[in-house]
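First the structure, in the form of structure tokens, and then the observations on it.
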Protein chains: 4
Amino acid sequence: MNEGSYTEGIFSWPVRVYYEDTDFAGVVYYANYLKFMERSRTEYLRFLGVEQGTLRAENNCIFVVRQALVDFHQAARFNDALSVQTSVKLKRKASILFHQRIEKVEEEGKKLLICSADVTIACVDAGTFRPMRIPRFLLEVFERDS
Amino acid sequence: MNEGSYTEGIFSWPVRVYYEDTDFAGVVYYANYLKFMERSRTEYLRFLGVEQGTLRAENNCIFVVRQALVDFHQAARFNDALSVQTSVKLKRKASILFHQRIEKVEEEGKKLLICSADVTIACVDAGTFRPMRIPRFLLEVFERDS
Amino acid sequence: MNEGSYTEGIFSWPVRVYYEDTDFAGVVYYANYLKFMERSRTEYLRFLGVEQGTLRAENNCIFVVRQALVDFHQAARFNDALSVQTSVKLKRKASILFHQRIEKVEEEGKKLLICSADVTIACVDAGTFRPMRIPRFLLEVFERDS
Amino acid sequence: MNEGSYTEGIFSWPVRVYYEDTDFAGVVYYANYLKFMERSRTEYLRFLGVEQGTLRAENNCIFVVRQALVDFHQAARFNDALSVQTSVKLKRKASILFHQRIEKVEEEGKKLLICSADVTIACVDAGTFRPMRIPRFLLEVFERDS
């Protein structure tokens, strides 16, 4: 199974661009970058020992995206090997602000910035979708991580 | 909202091809035809007065796809206006076999067959996913329709 | 085929939520709102007489998303009938800023705001992806529209 | 980056189920299994030293799906770690028949069969989409592999 890496507060998750991610303009369809970024957030939580399925079953808590400010810098293309980075920018009682970047490694180690985003994730009740405090153990996990 | 049409046992649902449906080969990505076909099945049920959300809430019953035999004849492209047809081929106690076709209307009324499929849909318990009989009222709806 | 409507500078495009748009949290998966918004932009251009396929073939020009600032207010769910609105907020030489809103009409005409966004679209060369001026006829179409 | 494995004629590619792959019935949306299978076919070709981007650029040749006979046995769910297998069943002048299986490894090494398919892939001219013979070097690659 795929493996992420972590260094100096930044978690990186590799993503390969397949046919399904591209459109007839020859590049990755813009909404699919948001899928890549969600995979990196999920794998970052998994890396910290947090499984969202368990969070839902045991704490009745799920994460929803409240806001996404996304800049699309360069197009990624079919077969590109991308690195999707996630880091915590700000922690609040019921939400977390992540900074995310998608990069493509080119020849000679040069990096091409594809996409960058500030994404606000809120913790809500899985049944009612009302805001709830982020469970203590989760905040502590992020504390250890900062 | 979009409108379907029904004649001689065949329900037709219009679908437009957008950027999101295409890939960098310049045509509709193959898995997306299965999305179009599912929309047509859902709208056919709606046309017959059956809402799957209600079926789930009141009868604890959902439909899952058991088998799909799909032939891809011609490629559909960006901006194409397609007609996605659904008809009942066979009814059983716990499953229905639908025949589906996706066509593109070209100049002078000529029709281009894009995709055709035999799709077996099973009725299952929404919680356990075990097979269950199709609710009586639903079989009667299809009886009226044949 | 589906029909949009236009009033006082705002173009509205209807979208139905299908199984394909939802996720196991029971709501529309966040990236799919960006697909709905792109359909509305495409249909708005079509409404103004502009076909992106033709723009590409004849003017070698395509539109790419440079930035999307998206607020997710309320969740949309399976079977919801949504209205996806597009209006021009600002026109530049090589880019246009659209404001977009996704609403759900509830009982008694009450509207629920699902999602709102400011989306910057740039005009680029279809081959090189370098910025290019928006073709004159297109700016005039938007002038007539403002 | 993710890694596949190969043994006795069967190539296996790992796939993780994310939010984007699920629907509100709580399971993987059926069309997404076809995405997983396409990733495995692409990675199998890559494993054999064949890059589809290069095939297109140098041989003007792309692969399209002509037929897919898919059986959906059990549902896969959020967070599941799946193994998507691909093997060559039959080789013709202008098409290849692949057999594919998606499995989930459960406790004690028990395997759960999620989905199985016979998928016919045709070689076509990238411009005209007319059938063309599979390039000799590619048939030889598969010969070595059988």
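The values are calculated or read from the model by the stated rules, or taken from the named source; none is laboratory data. Here the structure is a predicted model, which is why all the values come from computation and not from measurement. Methodologically, a virtual Cβ is constructed for each residue, glycine included, from the backbone with ideal geometry; neighbour enumeration extends over all protein chains shown. These accessible areas exclude ligands, DNA and RNA; they are computed on the full protein's heavy atoms, side chains included. Shrake-Rupley method; radii C 1.70, N 1.55, O 1.52, S 1.80 Å.
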task: Please go through the range B:109-146 and pick out each residue that is touching a Gly at 6+ places or on another chain (Cβ under 8 Å) and either at pLDDT 90 or above or aliphatic (A, V, I, L, M) (or both).
output: B:141
query: Mind checking which residues of the range B:1-15 are of a type in the set (Val, Ile, Thr) and open to solvent by less than 20 Å² (accessible area, probe 1.4 Å)?
result: B:15
query: Can you find even one residue in the range A:1-14 that is modelled with pLDDT of 95 or more and at the interface with another protein chain (Cβ under 7 Å from one of its Cβ atoms)?
result: yes
message: I'd like the residue in the range B:45-55 that is of a type outside the set (Gly, Ala, Ser) and open to solvent by 30 Å² or more (accessible area, probe 1.4 Å) and, out of all such residues, is farthest from the other protein chains (Cβ to nearest Cβ).
response: B:48
query: What tally of residues in the range B:74-100 results from selecting those that are within 12 Å of chain D (Cβ to nearest Cβ) and either over 21 Å from residue D:30 (Cβ atoms) or among the acidic types (Asp, Glu) (or both)?
result: 3
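Residue-by-condition table, conditions (1) β-branched (Val, Ile, Thr); (2) within 18 Å of the chain's Cα centre (by Cα); (3) within 22 Å of residue B:19 (Cα to Cα):
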residue: A:13; (1), (2), (3): no, yes, no
residue: A:46; (1), (2), (3): no, yes, no
residue: A:59; (1), (2), (3): no, no, no
residue: A:79; (1), (2), (3): no, no, yes
residue: A:98; (1), (2), (3): no, yes, no
field: Scope the range B:62-83; condition under 18 Å from residue B:41 (Cα atoms) and surrounded by 19 or more Cβ atoms within 10 Å (Cβ to Cβ); matching residues
entry: B:62, B:63, B:65, B:66, B:68, B:70, B:82, B:83
query: Which ones in the range D:38-52 are part of a loop (DSSP other than H, G, I, E, B) and not charged (D, E, K, R)?
result: D:48, D:49, D:50
query: Quick one: how many residues across the range C:106-126 are exposed (fewer than 14 other Cβ atoms within 10 Å of the Cβ) and more than 19 Å from residue C:39 (Cα to Cα)?
result: 7
field: Number of the exception - residue A:58 against (1) away from chain C (no Cβ under 14 Å); (2) of a type in the set (Asp, Glu); (3) crowded, with 16+ Cβ neighbours inside 10 Å
entry: (3)
query: Taking the range D:127-146, which residues are over 19 Å from the mean Cα position of the chain (by Cα), open to solvent by less than 50 Å² (accessible area, probe 1.4 Å) and over 16 Å from residue D:66 (Cβ atoms)?
result: D:135
- request: Quick one: in the range C:16-44, of everything that is over 9 Å from the mean Cα position of the chain (by Cα) and more than 14 Å from chain A (Cβ to nearest Cβ), which residue is most open to solvent (accessible area, probe 1.4 Å)?
  value: C:16
statement: Note on residue B:84: of the conditions (1) at pLDDT below 95; (2) within 16 Å of the chain's Cα centre (by Cα), unmet is (1)
field: Answer from A:82, A:113, A:45, A:69 - the residue that is touching a Leu at 6+ places or on another chain (Cβ under 7 Å) and among the aliphatic types (A, V, I, L, M)
entry: A:69
Index of the failed condition, residue A:103 passing every other in (1) surrounded by 14 or more Cβ atoms within 10 Å (Cβ to Cβ); (2) closer than 23 Å to residue C:25 by Cα; (3) charged (D, E, K, R): (2)
- prompt: If you scan the range A:2-34, which residues turn out to be touching a helix residue (DSSP H, G or I) at 6+ places or on another chain (Cβ under 6 Å), assigned to a strand (DSSP E or B) and over 20 Å from residue D:37 (Cα atoms)?
  reply: A:11, A:13
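Let's see how each residue does on (1) in contact (Cβ under 8 Å) with a residue 12 or more places away in the chain; (2) part of a loop (DSSP other than H, G, I, E, B):
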{"position": "B:36", "(1), (2)": "yes, no"}
{"position": "B:66", "(1), (2)": "yes, no"}
{"position": "B:84", "(1), (2)": "yes, no"}
{"position": "B:103", "(1), (2)": "yes, no"}
{"position": "B:116", "(1), (2)": "yes, no"}
{"position": "B:120", "(1), (2)": "yes, no"}
{"position": "B:128", "(1), (2)": "no, yes"}
{"position": "B:134", "(1), (2)": "yes, yes"}
{"position": "B:140", "(1), (2)": "no, no"}
